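Data first, discussion second: the structure below is written as structure tokens.
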Amino acid sequence: MSRRRRTRAGGQSARQSRSGDSGSQAPGREAAQSQAKGRQGGGKLRWYKADLHTHTPASNDYEEPGVTYLQWLTTARARGLDIVAITDHNTVAGVAAIRREIEWLTRLEQEDRLTPEERGNLDQWLKLANEIVILPGFEFTATFGFHILAVYPPDTSVRKLEHTLLRLNVPEDRLLVGSTETGASTDVTSAYETIVDSGGIAIAAHANSTNGVAMRNFPFGGQTKIAYTQDENLSALEVTDLESRSRRATSRFFNGSKTEYPRKMHCIQGSDAHRLNNDPRNSRRLGLGERATELLLPEPTFDAIRDLFASRFFDRTRPFRAPEEEVDHLAAARAEGPNQTQSFHESANKKGGRQTVVLADLCAFANTDGGTIFVGASARKGRVKGLAASKQVRTELQQALSERLTPPLEARFEILANSGGEVLRIGVDAGDSKPYCLDGSKFYVRNDAETSLALRDEIVALVLESVGLSSDLVGGGDADDAPAPTGTDADANSDANGAAGSAAVSGRGRQGASESDDPFYLPQDGVEIVSSETRGGTAYYVVRNLRNHRSVGNVTRQGARKLWSYAIAQYEDSPVKSDQIRWKENVGYIRSGKRAGKRRFDLALREGSALRVFYGVTSEGMEGAWAQFVEEGD
């Protein structure tokens with residue numbers, strides 16, 4: 001590259017930069033993108049290492065104030081970062097300082113006034129700018145102290161960024177301070193909208209931790225938490241537990257399977273570095289790029305990142321691991337085991353019907369919450385069997401999916417290398433054209449770790465939802481308005497909702513003021529027996545699935561699914577007495593035990609004189625007041 005070419009890449013004049021009106025594109029960005037496209041072979045996807053939450057000496061709580069901006073960027077590249085966002089506290093002074101320095105050196109070069117040291121610095125700046133994409137931005141402190149990352153295209157001017165901060169009510173005299181304290185600013189959802197309106201993407205900073213919009217046990221209403229984490233202008237959640245395998249990990253909570261949180265969120269991680277190197281005295285004080293995310297992109301650009309976060313390609317983000325620490329995605333999935341959004345099959349052979357079983361799972365995931373299927377491995381511990389001809393299996397499944405599933409369904413196929421052999425991973429989102437049907441007549445749904453043929457009422461509910469109608473219309477019964485059976489006396493409750501016993505009903509049941517204000521008023525999974533009636537000597541039940549609040553009628557003990565059968569058996573054989581419940585105010589613990597590979601809880605809720613019982617709730621479904629029972633045991 002010629003010296004003149006690099007000078008143009010440096011942007012506008014130093015005078016403009018010093019006035020705070022630098023609108024130049026980050027130096028070398030076009031060259032970096034061109035190189036990237038060449039490496040990708042015309043748009044081929046590849047993984048890029050990104051840290052979208054970093055601080056420079058412009059933040060007043062930066063822990064190494066003697067660090068220069070050139071040292072900062074040199075360290076970012078040395079850590080292998082392809083993309084870095086500068087997100088100082090309520091300021092873009094760091095972005096402006098970098099641009100001023102480059103443009104000042106460029107002007108000195110044009111006037112032939114560079115010293116040898118300055119020439120070396122300019123060469124280093126321009127080299128780095130062609131190797132790493134720098135995204136300007138800031139970390140905004142919203143009302144009540146919640147932190148939001150705002151990330152912008154490289155060519156966004158400092159003036160525009162500062163204007164956005166002023167729109168967010170950061171005082172003018174605080175724009176250069178770099179402090180987390182701004183006084184009365186803007187509420188969270190308005191901040192999201194303002195950031196997007198000004199051309200940026202909004203990311204909830206350390207969402208599950210201090211000053212995060214999804215941190216646990218923070219005393220704000222459940223509906224507020226929903227708004228803060230499901231807002232359409234929010235692109236992603238930055239979390240500190242992305243690599244956690246805990247059942248209570250943030251990414252698992254926001255996986256789209258909860259009715260109150262139906263939008264599955266992209267979850268990433270960032271270093272939030274306030275220093276170049278981690279603090280040896282405090283492992284939580286990370287250095288620049290030391291907790292990064294890998295993004296699968298066609299090119300390392302702002303637009304590609306924005307498009308990814310707006311997509312349903314949730315498998316195109318992952319925590320960065322050094323090569324020697326490569327993430328074993330299969331091992332992590334097997335540790336979780338089969339669940340609402342995950343299944344395992346050792347083969348997909350046409351012979352023996354194994355291909356049909358895999359397709360049934362795909363159909364069920366599309367009709368429910370989406371999910372991932374691993375073919376070539378069981379969920380059991382031990383050696384992975386693998387596939388002898390993984391590419392052939394992939395081709396056969398793709399063809400079968402196209403021929404046997406209606407309407408057409410898009411699925412993502414990826415072959416994973418494993419020490420036991422290659423494994424096929426298939427990802428599918430909750431479909432937009434429900435209900436999906438296999439072989440023209442078989443409708444499947446997913447209930448926890450079980451794929452089942454949908455019952456008549458479930459099919460009707462799926463049809464109504466697909467055309468934008470409430471499934472409350474199914475059957476037209478009144479079960480939602482009547483007290484749910486208590487389980488204390490089966491005979492006394494057998495006709496409590498007789499009119500609705502043969503109908504499927506949907507909704508949340510008795511929804512008083514406290515329930516409508518609290519999304520965790522009920523557990524988030526498990527089942528509840530809504531009503532029962534006896535016809536011809538057989539008891540028929542309406543059973544509500546707490547995961548999606550859909551109720552299904554005409555369920556018998558003999559024909560029920562596993563969890564439903566358990567609930568009916570407990571209801572009939574071991575009716576619950578109020579004095580047997582371990583109460584904590586109006587919520588109660590009945591019993592727990594391991595069923596279907598998971599520890600499950602039977603819980604109770606008092607509503608005035610009525611008693612509601614919930615069967616088979618997992619720890620993942622216990623939020624709010626229910627979380628206190630997770631550690632309970634028989």
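Bear in mind these aren't lab numbers, they're just calculated from the coordinates by the rules spelled out. In this text the structure is predicted, and so the values were computed from the model without any measurement. Here Cβ is always computed from backbone atoms with ideal geometry, including for glycine, and neighbour counts include all displayed protein chains.
Would you mind checking the stretch 415-452 for residues with the amide N under 16 Å from a putative spin-label position 7 Å along Cα→C-beta of Thr395?
415
Run the quick spin-label model on Thr210 and Glu117: label points 7 Å from Cα toward the beta carbon, then report their separation in nm to one decimal.
Label at Thr210, label at Glu117, 3.8 nm between them.
Taking the number of other C-beta atoms within 10 Å as the exposure measure, put Thr74, Thr164 in order starting with the fewest.
Neighbour counts put them in this order, fewest first: Thr74, Thr164.
Express in nm, to one decimal, how much length is gained between Val467 and Asp573 on full extension, taking 0.36 nm for each residue of separation and deducting their alpha carbon distance.
On the way: separation 106, 0.36 × 106 = 38.16 nm, distance 4.08 nm.
Taking 0.36 nm per residue and subtracting the Cα distance, the gain is 34.1 nm.
Quick one: check the C-alpha center-to-center distance for the stretch 380-408 versus the stretch 531-568, whole angstrom.
Each part reduced to its Cα centre gives a spacing of 34 Å.
What FRET efficiency, computed as 1/(1 + (r/R0)^6) with R0 = 60 Å and r the Cβ-Cβ distance, is obtained for Glu585 and His163, rounded to the nearest 0.05? Mind dumping the intermediate values first?
Values: r = 50 Å, r/R0 = 0.83.
Efficiency computed from Cβ-Cβ geometry: 0.75.
Which loop-located GluC sites (Glu not before Pro) does the stretch 278-339 contain, where loop means any DSSP state but H, G, I, E or B and the Cβ has at most 14 other Cβ atoms within 10 Å? If you can, show how the numbers build up before the last one.
Values: sites: Glu290, Glu294, Glu324, Glu325, Glu326, Glu336; in loops: Glu290, Glu326.
Passing both the DSSP loop test and the Cβ count: Glu326.
Among Val423, Val542, rank each residue by its count of other Cβ atoms within 10 Å, from fewest to most, as a rough exposure measure. Each step should come with its number before you reach the end.
Numbers: Val423 24, Val542 28.
Ordered by Cβ neighbours within 10 Å, fewest first: Val423, Val542.
For the stretch 126-224, what does the alpha-carbon gyration tensor say about shape, rounded, prolate or oblate, given a ≥ b ≥ c as the root eigenvalues, a/c under 1.5 as rounded, and a/b over b/c as prolate?
Working: a/c = 2.05, a/b = 1.54, b/c = 1.33.
In terms of gyration-tensor shape, prolate.
Give me the distance in nm between label points sitting 7 Å out from Cα along the Cα-to-Cβ direction at Thr143 and Lys594, one decimal.
Placing both labels 7 Å beyond Cα along the Cβ direction yields 4.9 nm.
Which of the GluC sites (Glu not before Pro) found in the stretch 166-247 are loop residues per DSSP with 13 or fewer other Cβ atoms within 10 Å of their Cβ? Walk me through the intermediate numbers first.
Details: sites: Glu172, Glu181, Glu193, Glu232, Glu238, Glu243; in loops: Glu181, Glu232, Glu243.
Sparse-neighbourhood loop GluC sites (Glu not before Pro): Glu181, Glu232.
Label points 7 Å out from Cα along the Cβ direction at Lys381 and Gln230: separation in nm?
Placing both labels 7 Å along Cα→Cβ, they lie 3.8 nm apart.
I'd like the trypsin sites (Lys or Arg not before Pro) in the stretch 89-166 restricted to DSSP loop residues with at most 12 other Cβ atoms within 10 Å, sorted by number. Write down the numbers at each step before the final one.
Working: sites: Arg99, Arg100, Arg107, Arg113, Arg119, Lys127, Arg159, Lys160; in loops: Arg113.
Filter output for the stretch 89-166: Arg113.
For the ranges 361-370, 204-213, what's the packing order if you count other beta-carbon atoms within 10 Å of each residue, average per peptide, and put the highest first? Could you put the intermediate results ahead of the total?
Details: 361-370: 25.5, 204-213: 22.4.
Packing order, densest peptide first, comes out as 361-370, 204-213.
Distance check, please: which entries in Lys225/Lys434; Lys264/Lys434; Lys350/Lys594; Lys381/Lys562; Lys350/Lys391; Lys391/Lys562 exceed 27 angstrom between their Cα atoms? Present the calculation step by step, with values, prior to reporting the outcome.
Working: Lys225/Lys434 29 Å; Lys264/Lys434 18 Å; Lys350/Lys594 34 Å; Lys381/Lys562 23 Å; Lys350/Lys391 15 Å; Lys391/Lys562 35 Å.
Among Lys225/Lys434; Lys264/Lys434; Lys350/Lys594; Lys381/Lys562; Lys350/Lys391; Lys391/Lys562, the Cα-Cα distance tops 27 Å for Lys225/Lys434; Lys350/Lys594; Lys391/Lys562.
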